[in-house]
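Take a look at the structure below.
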Amino acid sequence: MYFWVLEEGQERMLIVLRPSEAAAAAQGVKPFPAFETWSRTHSMVLRTPYPDELDDPEVLLRNRLTMLRYLAASACECSAMRAGRRSWELVETV
């Protein structure tokens, strides 16, 4: 799952690694070389947290996901309104 976030006044891309990607990364394989190149070119920070780095309590995780969905939906809705569309659909990438 990946998110584009604004953190401490700086845009960051966070890609939460799947278990297979985390295993490869632990062996030194870079799971997303294209994203790394793109982020360097655009001076954006790329973070790839391992799934176990997100071991917050279930309630906190659900709360964070709800907030991220709300922010993403608001951004999609604004974009759709500017484009003259009447409806939009939020797609979660997993």
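Could you grab me the full set of residues in region 37-60 that are in a helix (DSSP H, G or I) and within 14 Å of the chain's Cα centre (by Cα)?
Taking region 37-60 and keeping what is in a helix (DSSP H, G or I), we get 37-41, 51-54, 58-60.
Ser39, Pro51, Leu54 - these are the residues of region 37-60 that are in a helix (DSSP H, G or I) and within 14 Å of the chain's Cα centre (by Cα).
Which one of these does Ser39 not meet: (1) surrounded by 13 or more Cβ atoms within 10 Å (Cβ to Cβ); (2) modelled with pLDDT under 85?
(2)
The values are calculated or read from the model by the stated rules, or taken from the named source; none is laboratory data. In this text, all values refer to a predicted model and were calculated from it rather than measured experimentally. Heads up, the Cβs are rebuilt from the backbone with ideal geometry, glycines too, and the neighbour counts pull from every protein chain shown.
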